[in-house]
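Chemist: Got a structure for you, questions after.
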Amino acid sequence: MAKAAVLHRYGEPLSIEELDLAIPKRGEVKVKMKAAGLCHSDWHVVQGQLPLPLPIVLGHEGAGIVEEVGEGVTSVKQGDHVVLNWVPSCGTCSYCRTGRPDLCEEAARLMATGTLPDGTTRFSLHGKSVYQFLTAGAFSEYTIVPEQAAIPIRRDVPFEVAALIGCSVITGVGAAIHTAKVSPGSTVAVIGAGGVGFNIIQGAALAGAKQIIAIDVVDEKLAMTKTFGATHTVNAREDDAVSAVLDLTDGIGVDYAFEAIGRPETMADAYNMTRKAGTTVIVGIAAPHETVEINAFSLPSQSKTLTGSWLGQGNPPVDYPKLLDLYAAGKLKLEPLISAVYSLDQINDGFAALKSGQNIRGIIRFEE
Ligand SMILES: [Zn+2]
Ligand SMILES: [Zn+2]
């Protein structure tokens, strides 16, 4: 049995259920969850913006302890601390073979099916399958994931901090370091001061950017971005973000602009505040039907690079331990990103806070 937060119908609160949990099959790992972050992607599913089979256990940013391993598992053993990896790459598709496990086709397939690779899940309720989001199903006391989805980590970091690594940290720091390759002395703008935006800011600071402009609509969060490396802040409710960034950069725009909200208008803003030949990185997740309007003439005449970043273009088995080493060395601030801690029973309160934008990150802490 596993107590889990289950989405039965779009737009409705999650319900806490005692699910039946099968044993791990070959190549699978059972994880006792210790902490899981509430991410906008989970919220997109709750609202029906990312259609998936229901009922489903959401949650994909999590950390826990290996409870049991199935036959043939070699990378982790019982008792190991792990961070869940919601892009469990196959290692054999064309993207995996060419060094882009973040774009693995098999992981993309599983994102749509809500299952493990064999097309089934280990959760059930009254004999009917319950799906698991991004193979993770982290909002459950226990989950069973593919071996590639359980990344072993050092044991001396708190689980709440480790959980963040699995989505907001890799996505944000990776977007700055892997995708944009922010260079020392460069100028940066980041739209959206949430879990991902703060990590883009500290990733850019780590890379040596000289000017980092944080843009949001909440003054308290903007004030906090300064302790993560932001040099300037813009409240987009008071000032036009693009004009403010141009004013701060002698009228030319920034070398790198990041969008970390997921709205077409702010994606266009990010492009428009990027200087000629600069780089715009879209990190926020919009609904699948939305489109962005960009001036067609500017594409050749300004020669900007417009790109996206998925999972921070990261490689979890390599990057998660490295990011936790940076945290342990005092080079990444992670505790301050946790605005509120909830029990699993309080998960709907956590989503209400996420919806209102008051938290940087809300975290579920599982009881002992
Ligand atoms: Zn996420
Ligand atoms: Zn692959």
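Chemist: Which one, Val283, Ala35, Thr187, projects farthest toward the positive side of the charge dipole computed for the chain from Cβ point charges (K/R +1, D/E -1)?
Modeler: Thr187
Chemist: Right, something else. May I ask for the equivalent-ellipsoid semi-axes of the stretch 1-117, computed as the square root of five times each C-alpha gyration tensor eigenvalue and listed largest first in whole Å?
Modeler: Details: eigenvalues 114, 84, 32 Å².
Ellipsoid half-lengths, sorted descending, are 24, 21, 13 Å.
Chemist: Run through the stretch 1-97 and list the GluC sites (Glu not before Pro) located in a DSSP loop whose Cβ has at most 10 other Cβ atoms within 10 Å. Can you show the working numbers first?
Modeler: Details: sites: Glu17, Glu18, Glu28, Glu61, Glu67, Glu68, Glu71; in loops: Glu71.
Counting only loop positions with at most 10 other Cβ atoms within 10 Å, the GluC sites (Glu not before Pro) in the stretch 1-97 are Glu71.
Chemist: Would you be so kind as to identify which of Leu103, Ala260, Ile294 lies farthest towards the positive end of the dipole of the chain, taking Lys and Arg as +1 and Asp and Glu as -1 on Cβ and the Cα centre as origin?
Modeler: Checked the options; the winner is Leu103.
Chemist: Then there is this: Placing +1 at every Lys and Arg Cβ and -1 at every Asp and Glu Cβ, with all other atoms neutral, what dipole size does the stretch 205-258 have around its Cα centre, in debye to the nearest 20?
Modeler: 260 debye
Chemist: Sticking with this one: Could you work out how far apart the two model spin labels at Leu125 and Lys322 are, taking each label as a point 7 Å from the Cα in the direction of the beta carbon, and quote it in nm?
Modeler: Result: 4.0 nm between the two label points.
Chemist: Using the number of other C-beta atoms within 10 angstrom as an exposure proxy, rank His44, His81, His289 with the fewest first.
Modeler: Taking fewest neighbouring Cβ atoms as first place, the list is His289, His44, His81.
Chemist: Any idea what the dipole of the stretch 53-196 comes to, in debye rounded to 20, about its Cα centre with Lys/Arg Cβ at +1 and Asp/Glu Cβ at -1? Write down the numbers at each step before the final one.
Modeler: Details: 9 positive and 13 negative charges, 75 e Å.
My answer is approximately 360 debye.
Chemist: Determine which lysines satisfy two conditions relative to Lys32: a Cα distance under 19 Å, and not lying fewer than 8 residues away in the same chain.
Modeler: Lys3, Lys77
Chemist: Of all trypsin sites (Lys or Arg not before Pro) in the stretch 192-270, which ones are in loop regions per DSSP and have a Cβ with at most 15 other Cβ atoms within 10 Å?
Modeler: Values: sites: Lys210, Lys221, Lys226, Arg237; in loops: Lys210, Arg237.
Taking the stretch 192-270 and a limit of 15 other Cβ atoms within 10 Å, the loop trypsin sites (Lys or Arg not before Pro) found are Lys210, Arg237.
Chemist: Looking at the square roots a ≥ b ≥ c of the eigenvalues of the Cα gyration tensor of the chain, which shape do they give, rounded for a/c under 1.5, prolate if a/b is larger than b/c, or oblate? Display every interim value, and only then the final one.
Modeler: Values: a/c = 1.75, a/b = 1.70, b/c = 1.03.
It is prolate, given that a/c is not under 1.5 and a/b is the larger ratio.
Chemist: Let me ask something else about it. Please say if the stretch 30-95 is rounded, prolate or oblate, where rounded means a/c under 1.5 for a ≥ b ≥ c the square roots of the C-alpha gyration tensor eigenvalues, and otherwise the choice is prolate for a/b larger than b/c and oblate otherwise?
Modeler: oblate
Chemist: Further question: Report the calculated FRET efficiency for Lys3 and Lys210 (r = Cβ-Cβ distance, R0 = 45 Å), to the nearest 0.05. Could the numbers behind the result be given before it?
Modeler: Working: r = 49 Å, r/R0 = 1.09.
Computed FRET efficiency for Lys3 and Lys210: 0.40.
Chemist: Which of the residue pairs Lys30/Lys333; Lys34/Lys226; Lys34/Lys221; Lys210/Lys276; Lys34/Lys128 have a Cα-Cα distance greater than 24 Å in the structure shown? Please list the in-between numbers first.
Modeler: Details: Lys30/Lys333 30 Å; Lys34/Lys226 30 Å; Lys34/Lys221 27 Å; Lys210/Lys276 19 Å; Lys34/Lys128 26 Å.
Exceeds cut-off: Lys30/Lys333; Lys34/Lys226; Lys34/Lys221; Lys34/Lys128.
Chemist: Hey, how many Å between the Cα centroid of the stretch 105-149 and the Cα centroid of the stretch 289-359?
Modeler: So the separation of the two Cα centres works out to 23 Å.
Chemist: Something else about it: Would you work out the relative contact order for the chain, in percent, from Cα pairs under 8 angstrom that are 6 or more residues apart? Present the calculation step by step, with values, prior to reporting the outcome.
Modeler: Details: 899 pairs, mean separation 65.5, N = 368.
Taking the mean separation of contacting Cα pairs over the length of the chain, I get 18 percent.
Chemist: Still on this structure, I have one more. Counting Lys and Arg as +1 and Asp and Glu as -1, what is the net charge of the other residues whose Cβ lies under 14 Å from the Cβ of Glu220?
Modeler: On the way: positive: Lys221, Lys226, Arg237; negative: Asp216, Asp219.
Every neighbour counted, the sum reads +1.
Chemist: Give me the distance in nm between label points sitting 7 Å out from Cα along the Cα-to-Cβ direction at Thr92 and Lys32, one decimal.
Modeler: Going from the Thr92 label point to the Lys32 one covers 3.4 nm.
Chemist: A further question follows. Using the Kyte-Doolittle scale, find the helices of the chain whose mean hydropathy is at least 0.0 and whose Cα atoms extend 27 Å or more along the helix's long axis, counting only whole DSSP H runs.
Modeler: Values: long enough: none.
Passing helices, by number: none.
Chemist: Another question, then. Could you tally the net charge around Val254, taking each other residue with its Cβ under 13 Å from the Cβ of Val254, Lys/Arg +1 and Asp/Glu -1?
Modeler: Around Val254, the surrounding residues sum to -1.
Chemist: In what order do Val57, Val218 fall by count of nearby beta-carbon atoms within 10 Å, going from fewest to most? Walk me through the numbers on the way to the answer.
Modeler: Details: Val57 25, Val218 15.
Fewest-to-most Cβ neighbours within 10 Å comes out as Val218, Val57.
Chemist: Quick check: Cα centre of the stretch 1-71 to Cα centre of the stretch 186-227, how many Å?
Modeler: First find each Cα centre; the distance between them is then 31 Å.
Every number here is computed from the coordinates shown, using simple stated rules; none is lab data. Only a predicted model underlies this, so the values are computations on that prediction, with no experimental measurement involved. With ideal geometry, Cβ positions are generated from the backbone for all residues, glycine too; neighbour counts draw on all protein chains shown.
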